[in-house]
Amino acid sequence: MTTESNSGASEGGLVFHPMDQFKVTPLFGDGPVGIFTVTNVTFWMGATLLCIVLLLVLGTSRRALIPTRFQSIAELAYGLIFKMVEDVSGKDGVKYFPLVMTLFMFIVFSNFLGLLPMAFTTTSHIAVTAVLAMGVFLFVTILGFIKHGFGFLSVFWIGSAPLVLRPVLALIEIISYFVRPLSHSIRLAGNMMAGHAVIKVFAGFAAIAAISPFSIVAITAIYALEVLVAFIQAYVFAILTCVYLKDALHPHH
Amino acid sequence: MEGDIVQMGAYIGAGLACTGMGGAAVGVGLVVGNFLSGALRNPSAAAGQTATMFIGIAFAEALGIFSFLVALLLMFAV
């Protein structure tokens, strides 16, 4: 979708195509993009990791009794995710807290960094989110089989339902289980891509003098909404990881 | 000519696929609305259920996202 995104730029009324911002380009030179090419994705992922390290390592390194601003943010994020893992996956899910925390911090920071003007949103690409979601899916499935052996298959067999309904429900459960990595990844990428494209569409309208005040107000409002969505989507990704973990740890309904 | 008709069909299909997002909007609205009407009756129990509300929103939203995916596929992959 990135390679063909600018094909309609000349025919449309807009100065630039709203999907142009999702193009992967090499950071140095104009060569083709290979596996090891340093691109803008590499740069913004590095920036994401740097910001996380700065916040979590430097922010909490002084361990002040009266927390500084950065220490407060780090402690808030830690507390929020820890409580969520404990509430949703149960006491024995706490062991997998580092996984959920890593996913949440990576996604929330790449979402927020993507909101900077001229920035590239790494999570707007299905390739990035699919790796995260597929990792969670494989991890959860393998964990379920390690913990319960073939008893893990009872996650598809709902014991509390009437016996006649169980095969039908099992079919639905199997489909919904295997659709998980798809919906998990596309929810995040779709939300990010749609939000940024809408901002760009309104930015294109700002060039027309008659409606530019309305357009600038709309950009401000949508930007505020996008800040909210950036956080909520990271939270939803983390909470769904917890739900899947709970299914792997306690497959019996 | 033939390619034009195929492309026209793809664009019409992409537009039609977007109507699926309306269903997701209704679903998310129902989830949050019912959560609020329950939460206002028993505010002390509401705080513990926000996580459940977000899970419900995520599931309702997933199907709208699928229609978005179909639209994208028709726009860029067909």
Open item on the list: Against the definition (within 29 Å of residue A:88 (Cα to Cα), among the β-branched types (Val, Ile, Thr) and in a helix (DSSP H, G or I)), how does residue B:6 come out, yes or no?
Closed with: no
Open item on the list: Scan region A:125-133 and tell me whether some residue there is away from chain B (no Cβ under 14 Å), buried (at least 23 other Cβ atoms within 10 Å of the Cβ) and part of a helix (DSSP H, G or I).
Closed with: no
TODO: Taking residue B:53 as the residue in question, decide whether it is in contact with a Ser or Thr (Cβ under 6 Å, 6 or more places away or on another chain), within 14 Å of chain A (Cβ to nearest Cβ) and either surrounded by fewer than 14 Cβ atoms within 10 Å (Cβ to Cβ) or among the aliphatic types (A, V, I, L, M) (or both).
DONE: no
Open item on the list: So residue A:93 passes all but one of these: (1) part of a helix (DSSP H, G or I); (2) away from chain B (no Cβ under 14 Å). Which condition number does it fail?
Closed with: (2)
- [ ] Return only the number of the condition from (1) more than 14 Å from chain A (Cβ to nearest Cβ); (2) under 16 Å from residue A:194 (Cβ atoms); (3) crowded, with 18+ Cβ neighbours inside 10 Å that residue B:35 does not satisfy.
- [x] (2)
Open item on the list: Among the listed residues A:210, A:218, identify the single one that is modelled with pLDDT under 90, surrounded by 13 or more Cβ atoms within 10 Å (Cβ to Cβ) and of a type in the set (A, V, I, L, M).
Closed with: A:218
Task: Candidate set from region A:221-253 (those that are more than 19 Å from the chain's Cα centre (by Cα) and surrounded by fewer than 16 Cβ atoms within 10 Å (Cβ to Cβ)); member that is farthest from residue A:180 (Cα to Cα) - done: A:221
TODO: Name the one entry in A:73, A:81 that is assigned to a helix (DSSP H, G or I), within 14 Å of chain B (Cβ to nearest Cβ) and within 30 Å of residue A:22 (Cα to Cα).
DONE: A:81
Open item on the list: Could you go through region B:14-32 and let me know if any residue there is under 28 Å from residue A:237 (Cβ atoms), among the hydroxyl-bearing types (Ser, Thr, Tyr), within 12 Å of the chain's Cα centre (by Cα) and in a helix (DSSP H, G or I).
Closed with: yes
Task: residue B:47 vs. criteria exposed (fewer than 13 other Cβ atoms within 10 Å of the Cβ) and out of contact with any Gly (no Cβ under 9 Å at 6 or more places or on another chain) - done: yes
Open item on the list: I'd like to verify a number: residues in region A:178-223 that are under 30 Å from residue A:243 (Cβ atoms) and either within 13 Å of chain B (Cβ to nearest Cβ) or not in a helix (DSSP H, G or I) (or both), how many?
Closed with: 19
Task: Single residue of region B:3-24 satisfying the filter (among the small types (Gly, Ala, Ser) and out of contact with any helix residue (DSSP H, G or I) (no Cβ under 7 Å at 6 or more places or on another chain)) that is modelled with the lowest pLDDT - done: B:3
Open item on the list: Looking at region B:8-55 only, could you name the residues that are under 30 Å from residue B:75 (Cα atoms) and either in contact (Cβ under 8 Å) with a residue 60 or more places away in the chain or of a type in the set (Lys, Arg) (or both)?
Closed with: B:10, B:11, B:13, B:14
Task: Of all residues making up region A:226-253, the number that are farther than 30 Å from residue A:157 by Cβ and more than 14 Å from chain B (Cβ to nearest Cβ) - done: 3
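The values are calculated or read from the model by the stated rules, or taken from the named source; none is laboratory data. Worth saying up front: this structure is predicted, and the values here are computed from it rather than measured. We place every Cβ from the backbone using ideal geometry, glycine too, and count neighbours over all the protein chains shown.
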